[in-house]
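Okay, structure first, notes after.
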Amino acid sequence: MRFSSSYEPGEFESDIYGAWEASGVFEPTISSLPSDNDGDGIDDRKEGGATNTYSIVMPPPNANGNLHIGHGLTVALEDSLIRYYRLRGKSAWYIPGADHAGFETWVVYEKELEKHGHTRFEYTRDELYASVWNFVAEQRGNMELQLRALGASCSWRDLTFTLDENVIDQVYTTFEKMWNDGLIYRGEKLVNFCPKHQTAFADIEVEYKDEPGTLWEIEYRLVEEPAGPSSEGPKTWASAPERPEEEWSGGSLIVSTTRPETLLGDVAVAVNPDDARYKDLIGKMVKLPLANREIPIIADEHADPEYGTGAVKITPAHDFDDFEVGERHGLLRIQVITEDGKMFNVPEEYYGLTTAECRKKVLKDLKNQGLLKGEKKISHSVAHCYKCGTTIEPMLKEQWFVDVKPLAAEAIKHLENDEIKFFPENKKHVIINYFNNLKDWNISRQIPWGIAIPMFRKIDDRATDEPDWIFDRRTNLQEIEKAGVKYIRDEDTVDTWFSSSHWPIVSTNWTPENYNPYYPLSVMETGADILFAWVARMIMMGIYVTGEVPFKEVYLHGLVLDEHGKKMSKSKGNVINPMDLVTKYGSDAFRLGILRGRSAGMNQAFSENSVISGRNLCNKLWNISRLIQSIADESAEVDREIDSEVLETVSREGYDPSEVSEARNDGPERTRSKKLQSNLSYTTLNMGEDWICREINQCMEQVEKSMKDYRFSEAVETLYQTIWDKYADWFLESQKIYKNVPLLQNTLESLLIMLHPFAPFVTEAIWQSLSWTNGFIMTAKWPMKLKYDPISAEQFENIRTIVSEVRTTLQSLPGTNNAKKYGLLYDNDSLVKDNLLLIKTLTKVPEINALEGAPRGLRVALANHELFLDVPEKVVSEYRDALTEKILAVGRELDALNARLMNPSYVEKAPQHLVKETRDLVNEKAALIDRLKLQLDLI
RNA sequence: GGGUUGUUAGCUCAGUUGGCUAGAGCGUCUCGUUUACACCGAGAAGGUCGGGGGUUCGAGCCCCUCACAACCCACCA
């Protein structure tokens, strides 16, 4: 027996994946290698190449990690696309990747080090790099196995690791180009610095959290005494209270701060130029408390008159805004905090204290001097390291920066030229908005795990004519010599986003010399949360390096939330592991489940229920196939015994042979020999067959349209409905009488192929189990439209209406098992008369007879059919109330329709076909009411 | 402060240029074990589409407004 009674994914999935992988079907059919094979300088494949190719690169999962639910969604989306376009005949290339995940991996590794009682500072950069490399190598493989379990049909031989040689090469090439173009510069700027991890971050890597804090008010006293006390009003500002005259004789300013310890690095006090209170003070000097320095009062827009006292201390070395104020006014930057969070460059009593200790002492000392004038509890947002939660310390550092303005401007140009289509559409505006406000990009990271920055600093002071920094690719060396001058390598590594922004370029092996039909990518599919960090940078870098946008379309998925719509997190304990679900319900079930109810860019809930419904569909399809195979087997058996003519005794009911299309006139063709898919010729022999062909064609159109618009959920929904509600519940039920084997085979193949992108394993398992199919379904051809007779198909809808109404009526009658008790009577109804067997099978009534004499029994509520349930008088009268209710209900519908027609504007202005439809409906309802009333009179 | 997205059945969500009685899955209830499937079949209940206004013959959909929710960016001395 080929088919067991239920589908057990565990029995098939790994074997099937292994067979696919071994046979090379994951690889694209058109080579991506240089294609000028005949050496004539003309690309042999260029013509039409890109239109026959389809390419997706996988956002590389962390090489040493496990896949989470987001990866599960990613693979479900990307692999569905790849498989779909592969079936559609494209040379599909799904390029897998693995990410060295610079910082993420580093954090994990550093924890390991700590566990063994070591710190990073015991080793050189190169030692650490080698050590992490081994660490990752040991872990690698897990996530690749998990990708296989999810069914990812990616070309494994093309897997790109973000530290592969060609990646580093390209990154250095770009770096050099940017350096030569003046787009990379070294600057001393404030960077987001995590004192725990000892590294800087880009702005987007910092998390802001609202926290309670304290706003302290500190008095800064003027050095010179202002002019006379009376004529110009009070000489103290804000709420400065009385003070002992002997200490100083002038006015003062009260500044507000949440970080009193940075006071020691103050270089000015700023007030708003329009602030009347302070106008006269601009240009004067105040004495900086505790530090005994004199600093100026300057005018700057940064000071908000509404906030605090309106006067703000300026510490350019430790605050981003102050840094900018300092730039504008040419102020010094006095750094007072070291990278490990200790005070330096300050009076002795504060030296070496941590920032927290220093804050306490500063406040205490200020209080003792009577300069602490107040404190307020406030809530403000504070920057944290997104990994460890440590408060970010803005730190003055020399770093490498990318001047992003020209890159962003170019990106905007291409976007406004509609070169990239976004799903969802609105993200295009969001990203343009981002490009418009982008600040220079700090690409230096102080972690050893990453691509070394290819810059070397001159250490030979005598060579004054040589530049301080030179570019060189030899980052394997710590020191190099050029023209007799010695240079030392920058210790830092480059931000991972700098290298990841090359992903479409490096994973497709793009080169400037050769035409590459896979670049730009057909689509970039990734999470909406890294629109800025990754997508934006890929666009800038793609254009900068290749002159072209790196992808034609972008599909962004949202977050997968838990079943209550809450973000998954370890601390909440609501994390769903995709592999658990795959093990429990199968890969297909997971894929179908996670695609359900999901749309572009939206954060959406996910629960096991949706996976269960996917599992059920797989099992349903399995059993559908099992039935069809058994029918095919049976018919082959019969064929062997008797002459094929006898089989044609299965007559076609309710169908005029004169309408038979050419294809159908051939008569039933029994195909026993193995045939390739889509070669099975068939003939429709009854209405159900025409109808299912029509429905499958519609399904096909819908799936094609949905896939074009990235409406995965809709495609799956359509298939689910067609397979279950239409194919199984109606068509197959009707085939229990007719058994048109070639058609069954043909339609099953169509459905299997259409579902394959979403449920690759079960469809392949079935394909391999069916007796008449060859090869892999994975490399089959997308089905052709089925031929059918539309009139006949429409007739089947009438049968469905009749059957449904009979079923409903039977269920609403008193008692149970009514379908077995009562037969049907028909009067002068050719559709019923010609389809007795079909209606009997579908309704399960014991018998259907022609009505003789006066109508009796219970009239079925159908407008155009004379059909009665043969029930006793007593049952009919018990049905009286239900009938009355029904008449009222139909009456209400009729009234609503009539009201619409009574409105002259409707009849006049609405499209004519709608008006006609309404009129037809009115007639139908009216007829139905008449019949029901007849019935009521009878009771 | 700037921007984006939601609010439709008990739950999670569809509903694409405005058009018949607003759909699905899961859940609930009733009936049924008929040799493809109980991971099943047949049927049912359940919605004033967040509130209010407007445009229109016609609004879940378009416009205005309010409320609530979520997210992103900037700022918070």
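The values are calculated or read from the model by the stated rules, or taken from the named source; none is laboratory data. Please read all numbers here as calculations on a predicted model, not as lab measurements. Note that each Cβ is placed from the backbone with ideal geometry, even for glycine, and that neighbours are counted across all protein chains shown. In case anyone asks, the SASA skips ligands and DNA or RNA and just uses the protein heavy atoms, side chains included. Shrake-Rupley method; radii C 1.70, N 1.55, O 1.52, S 1.80 Å.
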- Message: Return the pair list, or none, for Cβ contacts closer than 6 Å from residues in segment A:695-714 that are closer than 21 Å to A:ASP729 by Cβ to residues that are surrounded by fewer than 18 Cβ atoms within 10 Å (Cβ to Cβ) and among the charged types (D, E, K, R), at least 6 apart or on different chains.
- Response: A:ASN697/A:LYS785
- Message: Please go through segment A:353-368 and give me each residue that is surrounded by fewer than 13 Cβ atoms within 10 Å (Cβ to Cβ) and not charged (D, E, K, R), ordered by number.
- Response: A:ALA356, A:ASN368
- Note on the structure: Considering only helices (runs of 4 or more DSSP H) wholly within segment A:530-612, the ones with at least 2 residues that are open to solvent by 20 Å² or more (accessible area, probe 1.4 Å) and away from RNA strand B (no atom under 11 Å from the Cβ) are A:537-546, A:578-585
- Item | Single condition A:ASN192 does not satisfy, out of (1) part of a helix (DSSP H, G or I); (2) within 31 Å of the chain's Cα centre (by Cα) | (1)
- Which of the residues belonging to segment A:472-499 are surrounded by fewer than 17 Cβ atoms within 10 Å (Cβ to Cβ) and touching a helix residue (DSSP H, G or I) at 6+ places or on another chain (Cβ under 8 Å)? A:ARG473, A:GLN478, A:GLU491
- Item | Residue in segment A:317-330 that is farthest from RNA strand B (Cβ to nearest atom), counting only those that are under 18 Å from A:ILE218 (Cβ atoms) and assigned to a loop (DSSP other than H, G, I, E, B) | A:HIS318
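Per-residue answers, yes or no, for (1) in contact (Cβ under 8 Å) with a residue 40 or more places away in the chain; (2) under 24 Å from A:ALA200 (Cα atoms); (3) touching a Gly at 6+ places or on another chain (Cβ under 7 Å):
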residue: A:ARG462; (1), (2), (3): no, no, no
residue: A:ASP472; (1), (2), (3): no, yes, no
residue: A:LYS482; (1), (2), (3): no, no, no
residue: A:ARG489; (1), (2), (3): no, yes, no
residue: A:VAL494; (1), (2), (3): yes, yes, yes
residue: A:PHE498; (1), (2), (3): yes, yes, no
residue: A:SER507; (1), (2), (3): yes, no, yes
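Would it be correct to say that A:ARG333 is in contact with a Leu (Cβ under 7 Å, 6 or more places away or on another chain) and either open to solvent by 30 Å² or more (accessible area, probe 1.4 Å) or assigned to a loop (DSSP other than H, G, I, E, B) (or both)?
Numbers: in contact with a Leu (Cβ under 7 Å, 6 or more places away or on another chain): yes; either open to solvent by 30 Å² or more (accessible area, probe 1.4 Å) or assigned to a loop (DSSP other than H, G, I, E, B) (or both): yes.
Against the criterion (in contact with a Leu (Cβ under 7 Å, 6 or more places away or on another chain) and either open to solvent by 30 Å² or more (accessible area, probe 1.4 Å) or assigned to a loop (DSSP other than H, G, I, E, B) (or both)), A:ARG333 qualifies.
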- Spans of helices (runs of 4 or more DSSP H) in segment A:856-915 with at least 1 residues within 25 Å of A:VAL832 (Cβ to Cβ): A:873-878, A:880-902
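Restricting to segment A:81-109, give me the number of residues that are modelled with pLDDT under 90 and buried (at least 21 other Cβ atoms within 10 Å of the Cβ). Let's see the steps before the verdict.
Initially, segment A:81-109 is screened for residues modelled with pLDDT under 90, giving A:100-109.
Still in the running and buried (at least 21 other Cβ atoms within 10 Å of the Cβ): A:100-103, A:105-106.
Here the count works out to 6.
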- Those residues of segment A:172-215 which are of a type in the set (D, E, K, R) and within 16 Å of RNA strand B (Cβ to nearest atom), in sequence order: A:LYS189, A:ASP203, A:GLU205, A:GLU207, A:LYS209, A:ASP210, A:GLU211
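Filter segment A:12-37 for residues that are part of a helix (DSSP H, G or I) and either at pLDDT below 95 or open to solvent by less than 60 Å² (accessible area, probe 1.4 Å) (or both); which is farthest from A:LEU521 (Cα to Cα)? Break it down into steps so the answer makes sense when it comes.
Taking segment A:12-37 and keeping what is part of a helix (DSSP H, G or I), we get A:12-23.
Restricting the remaining residues to those that are either at pLDDT below 95 or open to solvent by less than 60 Å² (accessible area, probe 1.4 Å) (or both) gives A:12-13, A:16-20.
On the way: A:PHE12: 32, A:GLU13: 29, A:ILE16: 28, A:TYR17: 25, A:GLY18: 27, A:ALA19: 28, A:TRP20: 24 Å.
Among those that are part of a helix (DSSP H, G or I) and either at pLDDT below 95 or open to solvent by less than 60 Å² (accessible area, probe 1.4 Å) (or both), it is A:PHE12.
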- Item | In segment A:274-313, the residues that are closer than 23 Å to A:GLU348 by Cα and near RNA strand B (Cβ under 9 Å from one of its atoms) | A:LYS313
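Can you spot a residue in segment A:762-771 that is surrounded by 16 or more Cβ atoms within 10 Å (Cβ to Cβ) and not in a helix (DSSP H, G or I)? So that I can check it myself, show each step before the final result.
Residues of segment A:762-771 surrounded by 16 or more Cβ atoms within 10 Å (Cβ to Cβ): A:762-770.
In the following step, the residues that additionally are not in a helix (DSSP H, G or I) were identified as A:770.
So far as segment A:762-771 goes, yes, one or more of its residues are surrounded by 16 or more Cβ atoms within 10 Å (Cβ to Cβ) and not in a helix (DSSP H, G or I).
Based on this model, can you work out whether A:THR808 counts as free of Cβ contacts under 8 Å to residues at least 24 places away in the same chain, closer than 26 Å to A:SER792 by Cα and either away from RNA strand B (no atom under 14 Å from the Cβ) or surrounded by fewer than 16 Cβ atoms within 10 Å (Cβ to Cβ) (or both)?
Here the answer is yes, as A:THR808 does meet what is asked.
Mind listing just one residue for me: the one in segment A:343-355 that is part of a helix (DSSP H, G or I) and touching a residue at least 60 places away in the same chain (Cβ under 8 Å) and, of those, nearest to A:THR315 (Cα to Cα)?
Let us first name the residues in segment A:343-355 that are part of a helix (DSSP H, G or I), namely A:348-350, A:355.
Of the ones still in play, those that are also touching a residue at least 60 places away in the same chain (Cβ under 8 Å) are A:350, A:355.
Values: A:TYR350: 17, A:THR355: 15 Å.
Restricting to residues being part of a helix (DSSP H, G or I) and touching a residue at least 60 places away in the same chain (Cβ under 8 Å), the top hit is A:THR355.
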- Query: Do we have any residue at all in segment A:249-258 that's β-branched (Val, Ile, Thr), assigned to a loop (DSSP other than H, G, I, E, B) and modelled with pLDDT of 85 or more?
  - Reply: yes
